[in-house]
1. Within the range 233-247, is there a residue that is at pLDDT below 80, open to solvent by 10 Å² or more (accessible area, probe 1.4 Å) and farther than 25 Å from V110 by Cα?
2. Please list, ordered by first then second residue, the pairs with beta carbon atoms under 6 Å, 6 or more apart or interchain, first in the range 122-146 and closer than 28 Å to E69 by Cα, second at pLDDT 85 or above and of a type in the set (K, R).
3. When you scan the range 418-425, do you find a residue that is of a type in the set (A, V, I, L, M) and either in contact with a Phe, Trp or Tyr (Cβ under 6 Å, 6 or more places away or on another chain) or touching a residue at least 60 places away in the same chain (Cβ under 8 Å) (or both), even just one?
4. Return the residues of the range 309-318 that are open to solvent by 70 Å² or more (accessible area, probe 1.4 Å) and in a loop (DSSP other than H, G, I, E, B); say none if nothing qualifies.
5. Being in contact with a Pro (Cβ under 8 Å, 6 or more places away or on another chain) and among the charged types (D, E, K, R) narrows it down to one residue among D194, D176, D182; which is it?
6. Being touching a Lys or Arg at 6+ places or on another chain (Cβ under 7 Å) and either open to solvent by less than 60 Å² (accessible area, probe 1.4 Å) or under 21 Å from L64 (Cβ atoms) (or both) narrows it down to one residue among A404, A392; which is it?
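The values are calculated or read from the model by the stated rules, or taken from the named source; none is laboratory data. From a predicted model like this one, the values you see are computed outputs, not experimental measurements. Positions of Cβ are backbone-derived with ideal geometry, glycine not excepted, and every protein chain shown enters the neighbour counts. Side chains are part of the model used for accessible areas, which takes the heavy atoms of the whole protein and leaves out ligands, DNA and RNA. Shrake-Rupley method; radii C 1.70, N 1.55, O 1.52, S 1.80 Å.
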Amino acid sequence: MTNDNLPRTDIGSELPPPLYNGPDFPENDNPGGEKPNRTLGSKILFIALISLVLLIPDFLIIALVGDREEAQNTTVAEISSSWSGEQLISGPIVTIPYDSISPEDSGGKVRLLPESFNFSANVNSQTLHRGIYESVVYNSEVSLSGAISLAPLESLGIPMSAYRFKEATVTVGIGDLKGVEDISPLTLGDRSLDLEGGRNLQVYAFSRIDEIENLSDSHPGSRSAGSGCMEVQTGIFSPDSLRYPYSLTMKLRGSRSIGATPIGRHNEISISGECKSPSFTGMFLPSTREVSDGQFKASWTLNSINRDYPQAFVGSRAASITASAAIVDMLVPVDRYQKTDRALKYAIVIVLLTFIAVLFAEIMTRQPIQLFQYLLIGLALILFYSLLLSLAEHISFGLSYLIAAVMTIGLLFFYMKGVLQSLKVASVIAGLLTVIYTFIYILLCLETYALLTGSLGLFIALAGIMYATLRLRITSR
């Protein structure tokens, strides 16, 4: 006989499971009456604080990357300085003094540039090593030819009788004189002239900053040690003859770059040789270029209307002439420090995504993870960048990234397997880290679309986290 008015003792079997908000606080272990949501919120707050604390070692590694890059740049500059610096050829430039032509004009010096300028250089590069650092140096055979015309002097309004042609000098600018192994006499008209080393900043001033950034003036070779030149005084010029052909050959040693200034009314510049990674810089890009199998060939065809200085002028235009150069850079493409620095900018994102994944795993498996263990997980993620930097100094960046990622993911896989006592969950976290590190590597390899791809990736990650939290809320009702 049953009595429907009696209270039922099995009513609990029809109720939904109790709300569970974390492994540290199931209902039967909360005698003090602390609210589970408040405890979960506290844990999330502590995880956020741990993430901020991990920025300290992250910044330390960023500083280490900067120190290593500066050490590399300094060492490369020292190697280049010992061998020979950058070479920039400019000339021949004729300097002709003139007498006073009016009370307002007490005389001065006129610079006369060639009518035509033909430059060719054949470069053989090699790599010098010092410890883990390397620098590209080269030997080159250079030839200059063309013609000098006195006709542009007429445009200055100075009478030919005022020029002191017998005191005229010819200057050939060379970036670094210690790189001159051999130089032929300058053939000018029907005469051969022996050039002598000197320094004339009014005619030639080579102050081009290296493509290597962030070098101070205190570092040897940080600024080109050039502005040297070869000069000779000649009495060959005369108003009776307006055109003088010239030619000059030399053997040069140099490092990092070689170039020439388009000082002629018409210029043909050709630079070719051996180099694995040439870069064409300066004011003008080559008219034609070929790069293949460690060989390159580039040529420029330029005219006087392409630059901002005339064929004849009073005073000095040394800076403008230098700035108009056509240059081939032959730097070693070292991007390990730049890529490591870029990777470090994503460190906080990786830490947060990993912590969120571990927190979800903690909730689902009901295995408590202590805050100290979260800190150890974060330190393992930061240690990845130290491994990456140290490996990249000895092997390629791609292989370094792979080894560092495998070591970090493997360490966290075995650690999470021991903490959560679940091979499946540890495998899921390892798979998530694999996806994250793969995505970050893709971003590092991208140039134009890195920001767009990264933004889309973060949006998808946030959407996935929001959906996961929504699912947890549904199953806990």
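1. no
2. N139/R253
3. yes
4. R317
5. Values: D176 fails: in contact with a Pro (Cβ under 8 Å, 6 or more places away or on another chain); D182 fails: in contact with a Pro (Cβ under 8 Å, 6 or more places away or on another chain).
Every option except D194 fails the conditions.
6. After ruling out the rest, the residue left standing is A392.
Per-residue answers, yes or no, for (1) touching a helix residue (DSSP H, G or I) at 6+ places or on another chain (Cβ under 8 Å); (2) surrounded by fewer than 17 Cβ atoms within 10 Å (Cβ to Cβ); (3) modelled with pLDDT of 85 or more:
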{"residue": "P26", "(1), (2), (3)": "no, yes, no"}
{"residue": "L49", "(1), (2), (3)": "no, yes, yes"}
{"residue": "V53", "(1), (2), (3)": "yes, yes, yes"}
{"residue": "V76", "(1), (2), (3)": "no, no, no"}
{"residue": "I79", "(1), (2), (3)": "no, no, no"}
{"residue": "V110", "(1), (2), (3)": "yes, no, yes"}
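Yes/no per residue for (1) modelled with pLDDT of 80 or more; (2) in a strand (DSSP E or B); (3) farther than 24 Å from G315 by Cβ; (4) open to solvent by less than 60 Å² (accessible area, probe 1.4 Å):
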{"position": "K178", "(1), (2), (3), (4)": "yes, no, yes, no"}
{"position": "T187", "(1), (2), (3), (4)": "yes, yes, yes, yes"}
{"position": "L201", "(1), (2), (3), (4)": "yes, no, no, no"}
{"position": "I212", "(1), (2), (3), (4)": "no, no, yes, yes"}
{"position": "S216", "(1), (2), (3), (4)": "no, no, yes, yes"}
{"position": "H219", "(1), (2), (3), (4)": "no, no, yes, yes"}
{"position": "E231", "(1), (2), (3), (4)": "yes, yes, no, yes"}
